[in-house]
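Peer 1: First, the structure itself, so that you have it in front of you.
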Amino acid sequence: MNQSTQSRETSADVNLLYTDVEDSLRDSVRSLLADRCPADRVIAAYDGDHDLGAELWPTLATDLGLAGLLVPEDMGGQGASAREAAVVLEELGRFAAPVPFLTSAVIATSIALRARETELVRKLAAGTATAALAVPFSSGAATFGSDVLRTEEDVLRGSVANVAGAHDADILFVPVPTEAGFEVHLVDVSEVTMTSVVSLDMTRRLADIEFMDAPCEVLIDATDGAAAVRDALELGAALLASEQVGVAEWCLESTVAYLKERRQFGRIVGGFQAIKHRLADLWVEVESARAAARYAAATAADGDPDRRVATSLAQAYCSGAAVHAAEECVQLHGGIGMTWEHPAHLYLKRAKADQLAFGTAEGHRATLAGLVDLQA
Amino acid sequence: MSDDEVADDLRRRVADLLAAHDPATTDRLEFLRARFDAGLAWVHYPEGLGGLGLPRAMQSVVDAELEKADAPDNEPRRIGIGLGMAAPTILAFGTDEQKKRFLRPLWTGEEVWCQLFSEPGAGSDLAALATRAVRDGDTWVVNGQKVWTSVAHKARWAILVARSDPDQPKHAGMTYFVCDMTDPGIDVRPLRQITGEAEFNEVFLTDVRIPDENRLGAVGDGWRVAMGTLMNERVAIGGGSAPRESGMIGVVADTWRKRPEVRTPGTHDRLMRLWVEAEVARLTGKRLQQKLASGEPGPEGSAMKLVFARLSQELSGLELELLGEEGLRYSDWTMTRPEIVEFTGRDAGYRYLRAKGNSIEGGTSEVLRNIIAERVLGLPPEHRDDKDVPWKDLPR
Ligand SMILES: Cc1cc2nc3c(=O)[nH]c(=O)nc-3n(C[C@H](O)[C@H](O)[C@H](O)COP(=O)(O)OP(=O)(O)OC[C@H]3O[C@@H](n4cnc5c(N)ncnc54)[C@H](O)[C@@H]3O)c2cc1C
């Protein structure tokens, strides 16, 4: 059997449902966010008030242990898998919560674990340190690069634009190209110049980072650096799909709820068939996105050989589904959907930014074409 | 027992079956009957009725073992209506005698089934149906006309819904029957469809006599029984746990792989979008099946059928475009009466045309959207003037 036919085989017994453990984790995240993450405070981020994130993350990170969710118990974490992290991301998506779970607790932590830096992992798990991978948020596993170079004096020089999670981080993990391949360096944020970006999605702020002779320390050497970054971005892409499901689900639910109340022409607007059919199609799309996201999370959790197909599949599908749901949400709310006050725009901006993150849908379709032997 | 133990036990049962009835030397029908009696036909059915009362998903263990042994199957494509619609309805609503009488020859394919639901005046609005069933002692006398009846020309039995009480509002006065297609009052006439073939038929019923013992469910309960059938039909058409690249996407992907000369950047983009959608639909079906475990299909099955219909149509359309000049040719317009309902068979032109039926048969896509909107999302129902009016007083 050649490789391409092999990659067409799928794992027969992957559980695509939510386990009881996952459901109870969801409940605790949801009830905390319902309490502490009101939409008006999330919206305030667009006017420069970032207090909510600063208050919320320590609670999520330590009280609920989310910072160490993916860290093994003997290193101070919860020893959970990508499946549980996916459920957390669904909830964070539902609230458009401005916290660095994906960037620090998932992506950066996977790099620290790969580096076997136990002390560093412990700090991340305890929430006493927060980290970010210094690549543009748009970087896909298949295409990432870096202009940051290590000089002869063993300091870093260069810049990276549009880094997600850097504002919340104390530590940066910086991919550095060398002749032997990519190294991953650890840099303290106090050593770099960070400029806030006015980003499309202010609930996941971006920063431009400049390294001007920043002291650094090799975390992962050139033999494994590129693979480590690629795997981290792939995990990010796989789990972002669940955040997209959460975004889409909120948009559908809030739109359905609104249209069950709203009356025009003497009728409940949700009773017009043109509306019913759009919402039915959207429901099908959200449930489909859920299946794709669950498959990506489950295969990532098991290190399943089909996980790369699953990841690109989930991104190729869920990124568009979230955008579609958010766009329908705005349209079907009418004028109120266009207001600053109504939270719909939080989801539109999150969904559109997420669509560009970790590679575009088109990029993921190209990756898939290679994996399943359907080359152009 | 753990899943692994159940699987081991199933493998042992298959080995016993194969030892007692070597497929290489046993008559096909005899083998199928023995398989049914061993509970290996559909393991989620009860013991004694071809199953072992196990989760539906365990069937794949049996199927894999039997495939390895080159055992004959029951040609599921030839008996789709029996397997997908009649059987679950008989199981859910039938008496013990009915289950014993009908399920075994249904499963082995000795008896083909068809579905006498739609009528000229009752399609999407099935509850408007006018075929009358009048009780005469221990039998019912049925008169009326059905239409679009797939493979009626091959069928031994039919599932039939008829109006037993015209004084009731339309949903209340119906009764569900098993109808003998060899009754002298049955007249099956081919209806040719856009592919050239006559896969479906008109069926005229004139004083057809159905013994009361062939009634499924209570008198007047026909609508509820029929809804059970339709939910299963939608899962049968759209659902399933097929492997990756089954169905129409597999056909098109094969063409793509074998024929580099047909590839263009534009068609590649469409192919990959559809590949993604087809694979996501497959996973969604699998997730739905895990949710159902061995339970009854709900309105979610409508979602699968909706997606399946759209993808079949888009994919078969893409296939014709891929073939370019070759796509201008068609295999054969000769009127035939096929034995099986084929979605992916014959040539690309046939597939393109046949796929148009996927969004009509078993509930149109518009009706399925209504169902999802109302039953899943809880949106207000469609406006209906006719709901509480006695059927006989409805405008026709
Ligand atoms: C290939 C094929 C095989 C079939 N096999 C069988 C079979 O074996 N047995 C059997 O009993 N039937 C069979 N059918 C019949 C099928 O179930 C009906 O054709 C179907 O239910 C639609 O009914 P209709 O044809 O009367 O169309 P209509 O109900 O008249 O619909 C016409 C159009 O109006 C739309 N429409 C109707 N009501 C609404 C509404 N409330 N809201 C929005 N739009 C609406 C429909 O979607 C459709 O587009 C088969 C059909 C096909 C195409």
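Peer 1: What nm value, rounded to one decimal, do you get for the distance between A:ASP51 and B:LEU191 when each label is placed 7 Å out toward the C-beta?
Peer 2: Taking the two extended label points, one gets 6.9 nm.
Peer 1: Seen from all sides and averaged, what is the projected area of the convex hull of the Cα atoms in the range A:201-247, in nm²? Write down the numbers at each step before the final one.
Peer 2: Numbers: hull surface 20.0 nm².
Hull-based average projected area comes out at 5.0 nm².
Peer 1: So, one more: Report, please, the projected area of the range B:226-376 averaged over directions, based on the convex hull of its C-alpha atoms, in nm².
Peer 2: Working: hull surface 40.8 nm².
For the range B:226-376, averaging the hull's shadow over all directions gives 10.2 nm².
Peer 1: Also: Name the long-range amide H neighbours of B:LEU191: under 5 Å, sequence gap of 5 or more, or other chain; modelled H, no Pro or chain starts.
Peer 2: Amide H neighbours of B:LEU191: B:PHE200, B:ASN201, B:GLU202.
Peer 1: While we're here: Using a ≥ b ≥ c from the Cα gyration tensor of the range B:1-73 (square roots of the eigenvalues), is it rounded, prolate or oblate, where a/c under 1.5 gives rounded and otherwise the larger of a/b and b/c decides, a/b for prolate? Please report the intermediate quantities before stating the final value.
Peer 2: Details: a/c = 2.08, a/b = 1.49, b/c = 1.39.
Prolate is the answer for the range B:1-73, as a/c is 1.5 or above and a/b outweighs b/c.
Peer 1: Also: If ligands, DNA and RNA are left out, what is the accessible area of A:ARG204 with a 1.4 Å probe, given in Å² to the nearest 10?
Peer 2: A:ARG204 has an accessible surface of roughly 30 Å² with all protein chains in place.
Peer 1: OK, next. Using a 1.4 Å probe on protein heavy atoms only, how many Å² of accessible area do A and B hide from each other, summed over both chains and rounded to 100? Show your work: numbers first, answer last.
Peer 2: Values: alone 16510 and 19120 Å², together 31940 Å².
Accessible area lost upon association: around 3700 Å².
Peer 1: Could you work out, residue by residue across A:263-272, how many beta carbons of other chains sit within 10 Å of that residue's beta carbon, and then give the average as an integer?
Peer 2: 2
Peer 1: Using a 1.4 angstrom probe, figure out how much accessible area the range A:226-371 has per residue, in square angstrom, rounded to the nearest whole.
Peer 2: 33 Å²
Peer 1: Taking the alpha-carbon centroid of each part, what is the distance from the range B:331-372 to the range B:374-390 in angstrom?
Peer 2: Using only Cα atoms, the two centres lie 29 Å from each other.
Peer 1: On average, how much area does the Cα convex hull of the protein assembly as shown cover when viewed from any direction, in nm²? Provide the component values of the computation, followed by the final result.
Peer 2: On the way: hull surface 148.9 nm².
In nm², the orientation-averaged hull projection of the protein assembly as shown is 37.2.
Peer 1: Given a 1.4 Å probe, how much area per residue of the range A:11-129 is accessible, in Å²?
Peer 2: With the other protein chains kept in place, the range A:11-129 gives 39 Å² per residue.
Peer 1: Something else about it: Tally Lys and Arg at +1 and Asp and Glu at -1 over the other residues with C-beta under 11 Å from the C-beta of B:ARG77: what net charge comes out? Can you show the working numbers first?
Peer 2: On the way: positive: B:ARG78; negative: B:ASP73, B:GLU75, B:GLU339, B:GLU342.
That works out to -3.
Peer 1: Using modelled amide H (1.01 Å from N, peptide plane; none on Pro or chain starts), what sits under 5 Å from the amide H of A:ILE268, excluding residues fewer than 5 places away?
Peer 2: Those lying under 5 Å, H to H, from A:ILE268: there are none.
Peer 1: Average partner chain C-beta neighbours within 10 Å, per residue of A:290-301? List each step's numbers first, then the result.
Peer 2: Details: counts 4, 11, 8, 2, 5, 7, 1, 0, 0, 0, 0, 0.
For this peptide, the per-residue mean of nearby foreign Cβ atoms is 3.
Peer 1: Just how far, in whole angstrom, is the range B:61-131 from the range A:102-131 if you go by their alpha carbon centroids?
Peer 2: Taking the Cα centre of the range B:61-131 as reference, the centre of the range A:102-131 is 56 Å away.
Peer 1: Under a plain spin-label model, where a point goes 7 Å from the Cα along Cα-to-Cβ, how far apart in nm are A:ASP154 and B:ARG384?
Peer 2: Those two pseudo-labels are separated by 8.0 nm.
Peer 1: Can you pull the percent of the protein assembly as shown's accessible area that's carbon plus sulfur, 1.4 Å probe, other chains left in place?
Peer 2: Working: 15950 of 31940 Å².
Ligands and nucleic acids excluded, carbon and sulfur reach 50 percent.
Peer 1: May I pose another question? May I ask you to evaluate 6.51 cos²θ - 1.76 cosθ + 1.60, the Karplus curve with θ = phi - 60°, for each residue of the range B:50-66 and list the ³J(HN,Hα) values in order in whole Hz, giving x for glycine and proline?
Peer 2: x, x, 9, x, 9, x, 3, 5, 5, 4, 4, 5, 4, 4, 5, 5, 5
Peer 1: For chain B, with every protein chain kept in place, what is the accessible area per residue (1.4 Å probe, Å²)? Can you show the working numbers first?
Peer 2: Working: 17270 Å² over 396 residues.
For chain B, the per-residue accessible area is 44 Å².
Peer 1: Additional query: Quick test of your reading: applying the under-4.7 Å Cβ rule, which cysteines of the protein assembly as shown are isolated?
Peer 2: By the Cβ distance rule, which asks for a partner under 4.7 Å, the isolated cysteines are A:CYS37, A:CYS216, A:CYS318, B:CYS114, B:CYS179.
Peer 1: What does the average come to when, for each residue of peptide A:312-320, you count the partner chain Cβ atoms lying within 10 Å of its Cβ? Present the calculation step by step, with values, prior to reporting the outcome.
Peer 2: Working: counts 1, 6, 3, 1, 7, 7, 1, 0, 2.
Taking all residues of A:312-320 together, the mean is 3.
Peer 1: Also: Tell me the angle of helix A:273-302 to the major Cα principal axis of chain A, expressed in degrees between 0 and 90 and rounded to the nearest ten.
Peer 2: With rounding to tens, the tilt is 30 degrees.
Peer 1: Please sort B:177-187, A:46-56 by packing, taking for each peptide the average over its residues of neighbouring beta carbons within 10 angstrom, highest first.
Peer 2: Numbers: B:177-187: 17.7, A:46-56: 14.5.
With the highest mean Cβ count within 10 Å placed first, the list reads B:177-187, A:46-56.
Peer 1: Moving to a separate point now. Apply the Karplus parameterisation 6.51 cos²θ - 1.76 cosθ + 1.60, with θ equal to phi minus 60°, to every residue of the range A:13-29 and state each ³J(HN,Hα) to the nearest whole Hz, in sequence, with x for glycine and proline.
Peer 2: Once θ is set to phi - 60°, the couplings for the range A:13-29 become 10, 5, 7, 9, 8, 9, 7, 4, 4, 5, 5, 6, 4, 4, 4, 6, 5 Hz.
Peer 1: Quick check on chain B: helices-only [θ] at 222 nm, where DSSP H runs of length 4 and up contribute -39,500 (n - 2.57) each and the sum goes over total residues. Nearest 500, please. Could you put the intermediate results ahead of the total?
Peer 2: Values: 11 runs with 153 residues, N = 396.
Counting only the DSSP helices, I get -12500 deg cm²/dmol.
Peer 1: OK, next. Tell me which residues come under 5 Å, amide H to amide H, from B:THR139 once H is placed; ignore anything under 5 positions away on its chain.
Peer 2: B:ASP212
Peer 1: Another question, then. Just check chain B against the gyration tensor rule for me: Cα atoms, a ≥ b ≥ c as the square roots of the eigenvalues, rounded for a/c under 1.5, and otherwise prolate or oblate depending on whether a/b exceeds b/c.
Peer 2: Working: a/c = 1.56, a/b = 1.15, b/c = 1.36.
Oblate, since a/c reaches 1.5 and b/c is not below a/b.
Peer 1: Going by Cα centres, the range A:281-354 and the range A:261-280 are how many Å apart?
Peer 2: Here the two parts' Cα centres lie 23 Å apart.
Peer 1: Keeping all protein chains in the complex and leaving out DNA, RNA and ligands, what accessible area do you get for B:LEU288 with a 1.4 Å probe, in Å² to the nearest 10?
Peer 2: 20 Å²
Peer 1: Ok, one more. Can you compute 3J(HN,Hα) from phi for each residue in the range B:136-145, using the Karplus curve 6.51 cos²θ - 1.76 cosθ + 1.60 with θ = phi - 60°, rounded to whole Hz and x for Gly and Pro?
Peer 2: 9, x, 8, 10, 10, 10, 10, 9, x, 9
Peer 1: Follow-up. Taking N as the number of residues in chain A, what is its Cα Rg relative to 2.2 N^0.38 Å?
Peer 2: Numbers: Rg = 20.7 Å, N = 376, 2.2 N^0.38 = 20.9 Å.
My calculation over the Cα atoms of chain A gives 0.99.
The values are calculated or read from the model by the stated rules, or taken from the named source; none is laboratory data. The shown structure was predicted, so the numbers you read here are calculated from the model rather than taken from an experiment. Here the Cβ is made from the backbone with ideal geometry for all residues, glycine too, and neighbour counts use every protein chain on show. Protein only, heavy atoms only, side chains kept; ligands, DNA and RNA dropped before computing areas. Shrake-Rupley method; radii C 1.70, N 1.55, O 1.52, S 1.80 Å.
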